[in-house]
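The values are calculated or read from the model by the stated rules, or taken from the named source; none is laboratory data. Because the structure is predicted, anything quoted here is derived from the model rather than measured. Note that we place each Cβ from the backbone using ideal geometry, even for glycine, and neighbour counts take in every protein chain shown.
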Amino acid sequence: MKLKTFKIGGVHPPENKISANMAIQVLGLPKQVSIPLSQHLGAPSVPLVKQGDIVKTGTLIARKADAFISANIHSSVSGKVLRIDDVMDATGYRNKAIIIQVEEDVWEESIDRSPELKKDIDCSPEEIVKKIEDMGIVGLGGAAFPTHIKYMVSGDRKAPDTLIINGVECEPYLTSDYRLMLEKTDEIMVGITIMMKAAKTPKAVIGIEANKPDAIVKMQEKAKDYPGIEVIGLKVQYPQGAEKQLIKALVNREVPSGRLPLDVGVIVNNVGTAFAVYEAVQKNKPLIDRVVTFTGKKLKKTGNFLARIGVPSTMLLEATGETMPETTAKIISGGPMMGKAVSTLEIPITKGTSGLVILDEAEAKRIPTSNCIRCAKCASVCPMGLEPYLLQKLAYREYFDRCETEAITDCIECGSCSYTCPSSLPLLDYIRFGKSNVLRIQRERRPK
Amino acid sequence: MSAVILYSVITLGVVAAGSAIILFVIASKFRVDEDPRIDEVAALLPGANCGGCGYPGCRGLAEALVKAADNGDISALMCPPGGMTTMAGISEFLGLKAGDMLPMIAVVRCGGSKEKAPTKFEYDGPSKCAISHSLFLGESGCPYGCIGMGDCVSVCKFNAIYIDQETGLPVVKDNCVACGACVKACPRRIIELRPVGQVENGNTNGKRVWVNCINKEKGAVAMKNCKAACIGCGKCAKACPSSAITLKDNLAYIDPMKCTVCGECIQVCPTGAIKATFKPEPKPKQEPASEPAA
């Protein structure tokens, strides 16, 4: 049988899923956590607590800003608010965060902490969306887009007919979604059923890459008990998990340039998000923890950890009982294809942290670049059908108007072009530079 | 044979005459009256098309000047690279008084040399400040400091700025015309246009003092990354006899309009973050940071 996949471009980097067999462990609590106010896409949240306040695990500590795209943030621990201060984020720049000193672990009474599966859904679609919004659920695939916005079908947009669940995890090294699918299968299925009810869709399709056969089998078996849910195995091809590529692969629809999945009648969510939705709606639990992969070739022990939001990343290293390998050259937050190098391990884990990858020098070092040899490999692997060599040159010369006509804003920054370039040109770096400038120009052009 | 020539001449003659009439009618109907002064004013401008005046090229400024002259006041317009000499010529030609301009120069406000702010991280991406800036906080760890990849150098049309290989910082040469291209190119807004010096009898003395840092972090945090950072201690503000120094967000700023270049602040600064183009009067307790900015 031929596996489904997207039609243009794509690469297949070494998978390196070292931590795939490590069951999810619960990560302990540190002495203090720092919860950034901006860990989702959109406007930073507005803090509701002040110095000296006592909070419980699950207390709302920052509300959604008045902007359209924003999300609530809850305390991931119980204790005292020390201060609201600038804390280093993954890029090294300082951003506002709420710093809480941990005292015991007292949860809000409204949260149901029992491990029993709760299958019956007694909320109306509107109540579900409200709950997703209140509980601060954001997309756990990496971009951290506030989930409730995807379910607000407004105006003349036609209602979606299919819900797509992303269990692809096409990034090398990362295994957090895979472990979640194996260990929390039922919860994910109930979560998907809840999301189907919220979106009023009769059908949900789960896409899983073929390099996770046990996850496909387990999900397929469980899906039999839940009407309308179908599990489809996909070809191993990067970036299979990108939103537009996944839609093309699973339901063979193409999202036009500059449009949203909703315009072709689908909503896409991650399996991690489905689990978070289950916990939020059925158990009243806000998004205060997530599964994080800690991995690297030179580490003796790797792992998948259920970590509270705001916990310093050094805890992951301690939990594996390791010291940092001496050959470490780069630490990547996220996967190695799209993740960002971080300047220190002191950074807190946020809603968007899917993993930390430790790379040694051989893997991390960039190869010296040479001239473009016009082989057009970058154009053939671009999943969006763009011409990266051209965009790179245009961005390098700062011809931003041409960048715009060449559809630079369609770039999903998957990095396939840089990965495949035989001259190891920094294609994506320049394209990102051009894209950010074009987006800025477009924002300025828009009437205020 | 002669008939062929005759017909040809007549036909072409008629076509030529017809075209000439059409062209004449169109030319007189759609005639654009351009003020002849614009060309002459443009000839008086330097012709570098640097854009420092805010207009697209020298001709753009010439048009604006002539338009302003019709309204009777050109004092708001200025050619920064040309300076007072150019403006005097234009003022004479247009018969109006040109605005006063303090001669300006670009000033690099970062002292994070390789020695003072040693490299902590290795960056091997594309050599462009704007890209490096958007990715992380810089090799020295200072989120405000100079990245040193020379975006300012590549935009300078006057060859007036270069990167000093020893310190890794840009250096502004005396031929800077203050067009402001580097100010816009720097992603960290380190470069500022400041007056070249104090005005004495219509000439500048070239003396200027500035805080050589724009780090707004708290003193201890800033010092971790750079030994030459302004820590916001406020000693300079207290020492300043003309209250030209203000403290905001852990950072001192010297107002060039109030500063009398007495040099008091340079002597009290504990980190040597205040820089000047002259040697302050000797009251030596510690060595003043006072190499002239070449």
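Which of the residues spanning segment B:141-159 are away from every other protein chain (no Cβ under 14 Å) and crowded, with 22+ Cβ neighbours inside 10 Å?
B:Cys146, B:Gly148, B:Cys152, B:Cys156
Taking B:Arg31 as meeting all but one of (1) of a type outside the set (Gly, Ala, Ser); (2) in a loop (DSSP other than H, G, I, E, B); (3) surrounded by 11 or more Cβ atoms within 10 Å (Cβ to Cβ), write down the number of the exception.
(3)
Whether any residue in segment A:308-329 is within 14 Å of chain B (Cβ to nearest Cβ) and either surrounded by 20 or more Cβ atoms within 10 Å (Cβ to Cβ) or assigned to a helix (DSSP H, G or I) (or both) is what I want to check.
For segment A:308-329, residues within 14 Å of chain B (Cβ to nearest Cβ) and either surrounded by 20 or more Cβ atoms within 10 Å (Cβ to Cβ) or assigned to a helix (DSSP H, G or I) (or both): absent.
Just one of A:Val87, A:Val55, A:Val77 is aliphatic (A, V, I, L, M) and free of Cβ contacts under 8 Å to residues at least 60 places away in the same chain; which is it?
Exactly one residue qualifies, and that residue is A:Val55.
Inside segment A:60-80, can you point out the residues that are among the hydrophobic types (A, V, I, L, M, F, W, C) and surrounded by fewer than 21 Cβ atoms within 10 Å (Cβ to Cβ)?
A:Leu60, A:Ala65, A:Ala67, A:Phe68, A:Ile69
Could you check segment A:398-423 and list, in sequence order, the residues that are more than 11 Å from chain B (Cβ to nearest Cβ) and under 18 Å from B:Ser132 (Cα atoms)?
Across segment A:398-423, the qualifying residues are A:Glu413, A:Gly415.
Okay, residues lined up against (1) of a type in the set (Gly, Ala, Ser); (2) more than 14 Å from B:Ala42 (Cα to Cα); (3) surrounded by fewer than 17 Cβ atoms within 10 Å (Cβ to Cβ); (4) touching a helix residue (DSSP H, G or I) at 6+ places or on another chain (Cβ under 8 Å):
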{"site": "B:Val66", "(1), (2), (3), (4)": "no, no, no, yes"}
{"site": "B:Asn71", "(1), (2), (3), (4)": "no, yes, yes, no"}
{"site": "B:Ile74", "(1), (2), (3), (4)": "no, yes, no, yes"}
{"site": "B:Met78", "(1), (2), (3), (4)": "no, no, no, yes"}
{"site": "B:Thr85", "(1), (2), (3), (4)": "no, yes, yes, no"}
{"site": "B:Phe93", "(1), (2), (3), (4)": "no, no, yes, yes"}
{"site": "B:Asp100", "(1), (2), (3), (4)": "no, yes, yes, no"}
{"site": "B:Arg109", "(1), (2), (3), (4)": "no, yes, no, no"}
{"site": "B:Lys114", "(1), (2), (3), (4)": "no, yes, yes, no"}
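Mind checking which residues of segment A:330-347 are away from every other protein chain (no Cβ under 13 Å), buried (at least 22 other Cβ atoms within 10 Å of the Cβ) and among the hydrophobic types (A, V, I, L, M, F, W, C)?
Result: A:Met337, single match.
Give the residues of segment B:169-191 that are among the hydrophobic types (A, V, I, L, M, F, W, C), part of a loop (DSSP other than H, G, I, E, B) and either out of contact with any Lys or Arg (no Cβ under 8 Å at 6 or more places or on another chain) or not assigned by TED's automatic domain parsing to the domain that holds B:Cys226 (or both), sorted by residue number.
Matches in segment B:169-191: B:Leu169, B:Cys176, B:Val177, B:Ala178, B:Cys186.
Looking at (1) within 25 Å of A:Asn21 (Cα to Cα); (2) surrounded by 21 or more Cβ atoms within 10 Å (Cβ to Cβ), which is the only condition A:Ile229 fails?
Here A:Ile229 clears every test but (1).
Just a yes or no: is a residue in segment A:375-392 within 14 Å of chain B (Cβ to nearest Cβ) and among the hydroxyl-bearing types (Ser, Thr, Tyr)?
Within segment A:375-392, none of the residues are within 14 Å of chain B (Cβ to nearest Cβ) and among the hydroxyl-bearing types (Ser, Thr, Tyr).
Take the residues of segment A:419-436 that are among the hydroxyl-bearing types (Ser, Thr, Tyr) and either surrounded by 22 or more Cβ atoms within 10 Å (Cβ to Cβ) or not in a helix (DSSP H, G or I) (or both): which is nearest to the chain's Cα centre (by Cα)?
Here the residue is A:Tyr430.
Of the conditions (1) within 14 Å of another protein chain (Cβ to nearest Cβ); (2) surrounded by 14 or more Cβ atoms within 10 Å (Cβ to Cβ); (3) part of a strand (DSSP E or B), A:Ile164 clears all except one; give me its number.
A:Ile164 satisfies every listed condition except (1).
For A:Thr293, state whether it is closer than 29 Å to A:Gly10 by Cα and more than 14 Å from chain B (Cβ to nearest Cβ).
The answer is yes for A:Thr293.
For segment B:132-157, how many residues are part of a helix (DSSP H, G or I), more than 15 Å from B:Arg109 (Cβ to Cβ) and modelled with pLDDT of 85 or more?
7
Only one of (1) assigned to a loop (DSSP other than H, G, I, E, B); (2) of a type outside the set (D, E, K, R); (3) away from every other protein chain (no Cβ under 14 Å) fails for B:Ala69. Which number is that?
Unmet for B:Ala69, out of (1) assigned to a loop (DSSP other than H, G, I, E, B); (2) of a type outside the set (D, E, K, R); (3) away from every other protein chain (no Cβ under 14 Å): (1).
Can you say whether A:Glu221 is outside any helix (DSSP H, G or I) and over 22 Å from the mean Cα position of the chain (by Cα), as far as the supplied structure shows?
When the stated conditions are applied, A:Glu221 does not pass them.
Can you pull out every residue in segment B:225-242 that is buried (at least 18 other Cβ atoms within 10 Å of the Cβ), of a type outside the set (A, V, I, L, M) and within 28 Å of the chain's Cα centre (by Cα)?
B:Cys226, B:Cys230, B:Gly232, B:Cys236, B:Cys240
Can B:Val199 be described as touching a helix residue (DSSP H, G or I) at 6+ places or on another chain (Cβ under 9 Å) and in contact (Cβ under 8 Å) with a residue 40 or more places away in the chain?
Spelling it out, it is not the case that B:Val199 is touching a helix residue (DSSP H, G or I) at 6+ places or on another chain (Cβ under 9 Å) and in contact (Cβ under 8 Å) with a residue 40 or more places away in the chain.
Checking B:Glu166 against (1) without any contact (Cβ under 8 Å) to a residue 24 or more places away in the chain; (2) in a loop (DSSP other than H, G, I, E, B); (3) more than 23 Å from A:Arg440 (Cβ to Cβ), which single condition isn't satisfied?
(1)
Any residue at all in segment A:32-43 that is over 21 Å from A:Ser313 (Cα atoms), outside the structural domain of A:Val236 (by TED's automatic domain parsing) and outside any loop (DSSP other than H, G, I, E, B)?
For segment A:32-43, residues over 21 Å from A:Ser313 (Cα atoms), outside the structural domain of A:Val236 (by TED's automatic domain parsing) and outside any loop (DSSP other than H, G, I, E, B): absent.
I need a count of the residues in segment A:348-368 that are more than 12 Å from chain B (Cβ to nearest Cβ) and in a loop (DSSP other than H, G, I, E, B).
6
Would you say A:Ser70 is outside the structural domain of A:Glu187 (by TED's automatic domain parsing), hydroxyl-bearing (Ser, Thr, Tyr) and either part of a loop (DSSP other than H, G, I, E, B) or at pLDDT below 90 (or both)?
yes
Please specify each residue of segment B:192-206 satisfying the condition of being of a type in the set (A, V, I, L, M) and not in a loop (DSSP other than H, G, I, E, B).
B:Leu193, B:Val199
Yes/no matrix, rows are residues, columns are (1) touching a residue at least 40 places away in the same chain (Cβ under 8 Å); (2) of a type outside the set (Asp, Glu); (3) crowded, with 18+ Cβ neighbours inside 10 Å:
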{"residue": "A:Leu3", "(1), (2), (3)": "yes, yes, no"}
{"residue": "A:Ile8", "(1), (2), (3)": "yes, yes, no"}
{"residue": "A:Ser19", "(1), (2), (3)": "yes, yes, yes"}
{"residue": "A:Ala23", "(1), (2), (3)": "yes, yes, no"}
{"residue": "A:Ser34", "(1), (2), (3)": "yes, yes, yes"}
{"residue": "A:Ser38", "(1), (2), (3)": "yes, yes, yes"}
{"residue": "A:Gly42", "(1), (2), (3)": "yes, yes, yes"}
{"residue": "A:Leu48", "(1), (2), (3)": "no, yes, no"}
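Consider segment B:105-131. How many of its residues are part of a loop (DSSP other than H, G, I, E, B) and either touching a strand residue (DSSP E or B) at 6+ places or on another chain (Cβ under 8 Å) or within 11 Å of chain A (Cβ to nearest Cβ) (or both)?
Final tally of qualifying residues: 11.
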